[in-house]
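Visitor: Before anything else, here's the structure in question.
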Amino acid sequence: MKFNYKARTKQGELQVGNVEAASRDAAVAILLSHELYVLSLEPMKEQGWWTRITDFFERVKGTDLMIFTRQFATLIASQVPIGDSLRSLYEQATKPVLKEVIAEVASDIESGFSLSQALSRHPGVFNEFYVNMVKSAEVTGRLSEVLDFLADYLEKQSILIGKLRNALVYPAFVIGLFIVVVVIMVTMVLPQIAPVFTEVNVELPTFTKILLFSGTLVSEWWWAILIAVGILAALAIDYLQTAEGRVVMNEVSLRLPLVGSLLQKVYIARFAESARVLIKGGLTIPQAIEISSHTIGNYVYEDVLHEVAQAIRKGLLLSQALKGAPYFPPLVAQLVAVGESTGRLETMLERVSSFYNRQVDDTVSNLVELIQPALLVVIGLMVAGLFAAILLPLYNLTKSF
């Protein structure tokens, strides 16, 4: 189970978050092992299904978050204190949900929380990547630069999602219409004409038999199918919310054709930008790599970068540690090696980030261009198969007379 905690570090810094443990005592032991002095520890309340549905419709949109981040970066760059900046943004916000979140963040900061801690209390708005990037900025003192990066990132993400959504609207409509036609055919049309073929001893093609069996199964056991699908979906969602499930999901996503390659480029770009900001802020390379591992948003990359940081502490160069790291192409290690040899590591990391961001843009553009024709070809083949399953028995029937 999960617990919300409030604790202080050895330096007296207030820290809040959540920890997963088998019991309350186990959670306290985990926090003490991290040298945290527990002030409060409460079980995290599970959200009901109705709450999750209402939260989905009342969520802060990506565009609103991007505008908020851009305005926040501008105010911070103008030397406006964080509290005053949030109050100004609260007055400018037009969406009630975002307005409420800004007010709560400002209130938490006035109570002594850091900005990253205040943001982490709203995971539905500020994801782990966003919070960890702000946390890294607090370490380096480059908050406005990181907020600018986050605003650019959210803007690019919004554009990419918009492209994919527009490309999928027409194929999704066609697929939905096709599914409706198939259901009508296999549950209403085929069962009506099947006895005719039986009476005249016409042999039905295998595909037609499969469709007839499917239609009978759906029409007689639709309620059981819905229950089974609902149970399986609930079990899958519950498993994916566990630590093991998230790791498995991250691993599988990296191995998917096309999608895996795209995600790897996204994560490498995130790593390079985060490490550049941290190193530029004066952190040692192992510290920068360790903190960067938490900003990527993928548990597999987090483990890989943790091992890279450990290898650097043992005396290896960053390029040498990255050379054998899984999910890092050789090009990354080569570019980092050039930066190390010339003393311009930050510049090379910026180039790595820019290169892979361009790769992501190009890959998404190519996918958008390929999605519609590919799906239409698949739909065409399925339509042909459906009509063949109906027309072939009719053709055999005419030959029997």
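The values are calculated or read from the model by the stated rules, or taken from the named source; none is laboratory data. It should be emphasised that the depicted structure is a prediction, and the values quoted were computed from it without experimental measurement. Glycine also receives a Cβ, built like all others from the backbone with ideal geometry; neighbour counts cover every protein chain displayed.
Visitor: Starting from residues that are of a type in the set (F, W, Y) and modelled with pLDDT under 85, keep the ones in region 89-129 and report whichever is nearest to the chain's Cα centre (by Cα).
Guide: F129
Visitor: Give the residues of region 242-268 that are surrounded by 20 or more Cβ atoms within 10 Å (Cβ to Cβ) and either touching a strand residue (DSSP E or B) at 6+ places or on another chain (Cβ under 8 Å) or among the hydroxyl-bearing types (S, T, Y) (or both), sorted by residue number.
Guide: Hit for region 242-268 is Y267, nothing else.
Visitor: Further, regarding this structure: Contact list please: Cβ distance under 9 Å, first residue in region 117-128 and of a type in the set (V, I, T), second residue surrounded by 14 or more Cβ atoms within 10 Å (Cβ to Cβ), pairs at least six apart or on different chains.
Guide: Pairs found: V125/R59; V125/V60; V125/L65; V125/V97; V125/L98; V125/V101; V125/L119.
Visitor: Please find, among L160, L164, L147, L143, the residue that is in contact with a Phe, Trp or Tyr (Cβ under 6 Å, 6 or more places away or on another chain), touching a residue at least 12 places away in the same chain (Cβ under 8 Å) and among the hydrophobic types (A, V, I, L, M, F, W, C). Steps first, answer last, please.
Guide: Values: L160 fails: in contact with a Phe, Trp or Tyr (Cβ under 6 Å, 6 or more places away or on another chain); L164 fails: in contact with a Phe, Trp or Tyr (Cβ under 6 Å, 6 or more places away or on another chain); L143 fails: in contact with a Phe, Trp or Tyr (Cβ under 6 Å, 6 or more places away or on another chain).
Testing whether each residue is in contact with a Phe, Trp or Tyr (Cβ under 6 Å, 6 or more places away or on another chain), touching a residue at least 12 places away in the same chain (Cβ under 8 Å) and among the hydrophobic types (A, V, I, L, M, F, W, C) leaves just L147.
Visitor: Same structure again: With the requirement that a residue be surrounded by 21 or more Cβ atoms within 10 Å (Cβ to Cβ) and small (G, A, S), what does region 277-308 give you?
Guide: Hits for region 277-308 are A288, S292, S293.
Visitor: In region 83-97, what count of residues is obtained for those that are crowded, with 19+ Cβ neighbours inside 10 Å and farther than 17 Å from L147 by Cα?
Guide: 1
Visitor: Evaluate region 257-269: report whether one residue or more is under 18 Å from G343 (Cα atoms) and out of contact with any Cys (no Cβ under 7 Å at 6 or more places or on another chain).
Guide: No, region 257-269 contains no residue that is under 18 Å from G343 (Cα atoms) and out of contact with any Cys (no Cβ under 7 Å at 6 or more places or on another chain).
Visitor: Which residue pairs have Cβ atoms closer than 6 Å, lie 6 or more positions apart in sequence or on different chains, and pair a first residue in region 227-256 that is under 24 Å from P326 (Cα atoms) with a second residue that is of a type in the set (D, E, K, R)?
Guide: From region 227-256, no pairs qualify.
Visitor: Let me ask another. Is region 269-276 home to any residue that is surrounded by 11 or more Cβ atoms within 10 Å (Cβ to Cβ), touching a Ser or Thr at 6+ places or on another chain (Cβ under 8 Å) and outside any helix (DSSP H, G or I)?
Guide: The initial filter retains those residues of region 269-276 that are surrounded by 11 or more Cβ atoms within 10 Å (Cβ to Cβ), namely 269-276.
Checking which are touching a Ser or Thr at 6+ places or on another chain (Cβ under 8 Å) leaves us with 269-276.
Checking which are outside any helix (DSSP H, G or I) leaves us with none.
No, that holds for no residue.
Visitor: Mind checking which pairs have a first residue in region 311-324 that is surrounded by 15 or more Cβ atoms within 10 Å (Cβ to Cβ) and a second that is of a type in the set (D, E, K, R), Cβ under 7 Å, 6 or more apart or different chains?
Guide: Short answer, once both residue conditions are applied: L317/E340; L318/E340; S319/E340.
Visitor: Which of (1) within 20 Å of T63 (Cα to Cα); (2) surrounded by fewer than 16 Cβ atoms within 10 Å (Cβ to Cβ) is the odd one out, the single condition I184 does not satisfy?
Guide: Only one criterion is unmet by I184, namely (1).
Visitor: Quick test for you: out of V105, V134, pick the one residue that is crowded, with 21+ Cβ neighbours inside 10 Å, on the phi < 0 side of the Ramachandran plot and in contact with a His (Cβ under 8 Å, 6 or more places away or on another chain).
Guide: Just a single option satisfies the conditions, and that option is V105.
Visitor: Still on this model: Sort out which residues of region 153-172 are farther than 25 Å from E273 by Cα and surrounded by 15 or more Cβ atoms within 10 Å (Cβ to Cβ), and write them in order of number.
Guide: A167, L168, P171
Visitor: Here's something else I'd like to know. Could you list, in sequence order, the residues of region 266-283 that are closer than 19 Å to V360 by Cα and either β-branched (V, I, T) or not assigned by TED's automatic domain parsing to the domain that holds Y327 (or both)?
Guide: V266, I268
Visitor: Got a sec? Which of L392, L386, L335 is buried (at least 17 other Cβ atoms within 10 Å of the Cβ), touching a residue at least 40 places away in the same chain (Cβ under 8 Å) and more than 27 Å from V131 (Cβ to Cβ)?
Guide: Just a single option satisfies the conditions, and that option is L386.
Visitor: Say whether the condition of being under 18 Å from G297 (Cβ atoms), in contact with a Phe, Trp or Tyr (Cβ under 8 Å, 6 or more places away or on another chain), assigned to a helix (DSSP H, G or I) and touching a residue at least 24 places away in the same chain (Cβ under 8 Å) is met by at least one residue in region 80-101.
Guide: No - not one qualifying residue is present in region 80-101.
Visitor: May I pose another question? Can you tell me which residue within region 199-210, out of those that are at pLDDT below 80 and within 41 Å of the chain's Cα centre (by Cα), is surrounded by the most Cβ atoms within 10 Å (Cβ to Cβ)?
Guide: Residue satisfying both the conditions and the ranking: T208.
Visitor: Given the structure, is V300 among the β-branched types (V, I, T) and within 21 Å of the chain's Cα centre (by Cα)?
Guide: yes
Visitor: Within region 127-205, considering only helices (runs of 4 or more DSSP H) that don't extend past its boundaries, which have at least 2 residues that are under 30 Å from L391 (Cα atoms)?
Guide: In region 127-205, 143-184, 190-199 are the helices (runs of 4 or more DSSP H) which contain 2 or more residues that are under 30 Å from L391 (Cα atoms).
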